[in-house]
Each structure stands twice: as structure tokens, then as C-alpha cells.
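Data block below; observations after.
The values are calculated or read from the model by the stated rules, or taken from the named source; none is laboratory data. Given the structure is predicted, the values throughout are model-derived calculations rather than measurements. Note that we place each Cβ from the backbone using ideal geometry, even for glycine, and neighbour counts take in every protein chain shown. To get the accessible areas, we keep the full protein, side chains included, count just its heavy atoms, and leave off ligands, DNA and RNA. Shrake-Rupley method; radii C 1.70, N 1.55, O 1.52, S 1.80 Å.
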Amino acid sequence: MLSANQPLGIDQCNCSAMRKASRQITRFYDAHLESVGLRITQFLTLAALDEADGATVNALAERLDIERTAMGKMVGFLERDGFVTIKPSPADGRVRIIELTDEGRRLHERAAPLWRDAQQEFERLNGRTNVATLRQSLREIVVGDLPAVSSGD
């Protein structure tokens with residue numbers, strides 16, 4: 001019978017280790033944001049929209065590395081809840097631009113300190129230098145013939 005800590009050959013799988021770490025870190029950030037009703041993917045979407053002053057679904061999905069259909073669904077929920085608006089681009093009416101509403105901006109402002117707390121706690125738990133090295137190492141990972149797409153801090 002399999003136990004939670006039983007060593008397995010799959011423990012050497014790079015993908016498994018990354019997925020496990022990703023899920024654990026996601027839960028950590030989700031727990032910090034829970035009091036404002038956001039998950040980390042929603043917070044990052046609001047943060048990106050706040051910094052960029054609007055974006056298309058495709059641009060957001062690419063920038064945050066979220067499947068386009070999943071991003072479209074999440075943006076739909078954010079629109080339903082009054083945190084974003086979706087309107088035609090002035091340059092091309094076929095393209096839809098997503099922007100924060102005033103309520104979305106206020107939600108982002110309430111959530112940002114919680115996200116900063118998560119950042120600080122993660123660094124405290126893992127060491128500031130280790131975390132900075134981890135982010136840099138993840139930016140340098142090559143998958144297949146192409147480097148992983150990521151931006152700087």
C-alpha cells in the first residue's frame with residue numbers, strides 16, 4: 001500500500017517535482033488572498049491589468065502563461081462580478097480589451113498587501129537569496145527547443 005512519504009522512482013521526475021511545488025506554492029498564495037475572495041491567478045490578472053492599463057485575453061493569457069480558454073473563463077467571472085469591463089478595441093472592433101473597473105482597482109488595492117505578505121513570508125521561510133535564485137533559475141529553464149517565456153521581477 002502506498003504511503004504519503006514512500007520513496008518512488010517518479011520522485012526523480014522533473015515535471016512531477018515542479019508540479020508538486022507549483023501546487024503547494026499556489027495553495028500558499030491562495031490562502032493569503034482568501035480573505036478578499038481571490039485566488040493567485042485572479043490576483044495576478046488584476047495586477048497585470050492595473051500595471052498595463054488594459055489588455056486582450058490573448059495577451060493576458062500569454063503573459064501569465066494561462067490557457068487562453070481558461071483565461072477567457074476567468075475574465076468572464078471577473079466581468080460578471082464587476083471587476084473588469086470588456087469592450088471593443090478602438091483600433092479593431094473585433095478585438096476585445098479588458099480593463100479594470102473602479103471596483104476591480106479597489107479589490108486589487110485591498111489584495112496587494114496580502115500578496116506582499118505572502119511574498120515576505122515565502123522569502124522568510126525559504127531565504128531571500130534562495131527565492132531570488134529560484135526565480136532566476138526558473139527564467140532560464142529551457143523546455144524543448146525554446147526557453148521558457150518569463151519576464152523579470
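Can you give me the distance in nm between label points at residue 64 and residue 4, each placed 7 Å from the Cα along the Cα-to-Cβ direction?
Modelled inter-label distance: 3.0 nm.
Need the C-alpha centroid separation for the range 37-62 versus the range 95-124, integer Å.
9 Å
How much of residue 35 can a 1.4 Å solvent probe reach, expressed as accessible area in Å² and rounded to 10?
Rounded to the nearest 10, that gives 100 Å².
About the Cα centre of the chain, what is the dipole size in debye to 20, counting +1 per Lys and Arg Cβ and -1 per Asp and Glu Cβ, all else neutral? Write out the running numbers ahead of the final one.
Working: 20 positive and 22 negative charges, 63 e Å.
Roughly 300 debye, rounded to the nearest 20.
Show me the three semi-axes of the equivalent ellipsoid for the chain, from the C-alpha gyration tensor (sqrt of 5 times each eigenvalue), largest first, rounded to whole Å.
31, 20, 16
So what J values fall out for the range 56-73 if you push phi through Karplus, 6.51 cos²θ - 1.76 cosθ + 1.60 with θ = phi - 60°, rounded to Hz, Gly and Pro as x?
Computed from phi, the couplings for the range 56-73 are 7, 4, 4, 5, 4, 4, 5, 5, 8, 6, 10, 3, 4, 5, 5, 5, x, 5 Hz.
Calculate, in nm to one decimal, what residue 35 and residue 120 gain on full extension: separation in residues at 0.36 nm each, minus their alpha carbon distance. Mind dumping the intermediate values first?
Values: separation 85, 0.36 × 85 = 30.60 nm, distance 1.76 nm.
Full-extension gain reported as 28.8 nm.
Along the range 18-30, what does the Karplus equation 6.51 cos²θ - 1.76 cosθ + 1.60 (θ = phi - 60°) give for ³J(HN,Hα), rounded to whole Hz, x for Gly and Pro?
5, 4, 4, 4, 4, 5, 5, 5, 4, 4, 4, 5, 4
Counting pairs of alpha carbon atoms under 8 Å apart in space and at least six apart in sequence, what relative contact order in percent does the range 70-153 give? The partial results should precede the final answer.
Values: 49 pairs, mean separation 12.3, N = 84.
The value is 15 percent.
Given a Förster distance of 30 angstrom, what is the FRET efficiency for residue 106 paired with residue 139, based on the Cβ-Cβ distance and rounded to 0.05? Intermediate values should be presented prior to the final figure.
Values: r = 32 Å, r/R0 = 1.06.
Computed FRET efficiency for residue 106 and residue 139: 0.40.
What is the gain in length, in nm to one decimal, between residue 47 and residue 77 on full extension, counting 0.36 nm per residue of separation less the C-alpha to C-alpha distance?
Working: separation 30, 0.36 × 30 = 10.80 nm, distance 1.61 nm.
Once the chain is fully extended between residue 47 and residue 77, it gains 9.2 nm.
Residue by residue through the range 76-83, what is 3J(HN,Hα) from phi via Karplus (6.51 cos²θ - 1.76 cosθ + 1.60, θ = phi - 60°)? Round to whole Hz and write x for glycine and proline.
Result, rounded to whole Hz: x, 5, 5, 5, 4, 7, x, 8.
Roughly what angle does helix 128-139 make with the longest principal axis of the chain, taking Cα atoms, 0 to 90 degrees, to the nearest 10?
Its long axis makes an angle of about 70 degrees.
Length gain on complete extension for the stretch residue 14 to residue 129, per 0.36 nm per residue less the alpha carbon to alpha carbon distance?
Working: separation 115, 0.36 × 115 = 41.40 nm, distance 2.24 nm.
Using 0.36 nm per residue and subtracting the Cα-Cα distance, I get 39.2 nm.
Tell me the relative contact order for the chain as a rounded percent, counting alpha carbon contacts under 8 Å between residues six or more apart. Mind dumping the intermediate values first?
Values: 118 pairs, mean separation 29.6, N = 153.
Computed over the chain, the figure is 19 percent.
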